[in-house]
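What follows is a set of notes on a single structure, which appears directly below.
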Amino acid sequence: MTRILKPIKIENNAHLAQICAEYFSDQYGVSIIDYHVCSGDRGSIDILAAQGKKVYLMSIGKSDFATTLMTSFLGYRWYQENLDLLLRTYGSRGLSKDNSPVIVILSADLDMHACSVCSDVCKVPLQFYRYSIFGSQSEPEIFVEPVCGVDSSMQKQ
């Protein structure tokens, strides 16, 4: 029997972040430090995660790609400006001054040209993933595919 999965849109941002975090934790073994560390006009860090010497500042696109890209850049700046506070708050959960930040953007509306341009011009490593949510609101399933900027630095350990 063939199972047909219909795309759905998760309206609850906390639920969407949890689904994405579970994916990265299961697939790559990253440790989730916290959710929604920065949001609003200061930028977006929907998921703060760490693995080894890297800290992942994950932004999940809920609107168009350009908006997601800009809010992720603002979230990175907020991270840099508030690093001392974050270290005091999350130092025991895997965050360290030695962590190298990586901006991770998950977007359902991914512009391939923009992600390659961003990877060329940004000094901070960027990773781009396209996601789709299928199933139902009560039992959603996520499909994530790396698109560009993804290297072997985030591996399941």
In region 82-107, how many residues are more than 13 Å from I33 (Cα to Cα), out of contact with any strand residue (DSSP E or B) (no Cβ under 6 Å at 6 or more places or on another chain) and among the hydrophobic types (A, V, I, L, M, F, W, C)? 2
Region 44-66, subset modelled with pLDDT under 90 and within 14 Å of the chain's Cα centre (by Cα), residue nearest to C115 (Cα to Cα): F65
Taking only region 11-70 into account, find how many residues are over 25 Å from S92 (Cβ atoms) and acidic (D, E). 3
L48 is checked against (1) open to solvent by 40 Å² or more (accessible area, probe 1.4 Å); (2) touching a residue at least 24 places away in the same chain (Cβ under 8 Å); (3) not in a helix (DSSP H, G or I) and fails just one. What number does that condition carry? (1)
Sort out for me the strands (runs of 3 or more DSSP E) sitting completely within region 65-157 that have 1 or more residues that are free of Cβ contacts under 8 Å to residues at least 40 places away in the same chain, under 25 Å from Q18 (Cβ atoms) and open to solvent by 50 Å² or more (accessible area, probe 1.4 Å). 126-135, 140-148
I need the full set of residues from region 11-40 which are surrounded by 15 or more Cβ atoms within 10 Å (Cβ to Cβ) and aliphatic (A, V, I, L, M), in order please. L16, A17, I19, A21, V30, I32, I33, V37
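The values are calculated or read from the model by the stated rules, or taken from the named source; none is laboratory data. Keep in mind that what you see is a predicted model, and the values were worked out from it rather than measured. Backbone-built Cβ (ideal geometry, glycine too); neighbour counts: all protein chains shown. The accessibility values were calculated without ligands, DNA or RNA, using every heavy atom of the protein model including side chains. Shrake-Rupley method; radii C 1.70, N 1.55, O 1.52, S 1.80 Å.
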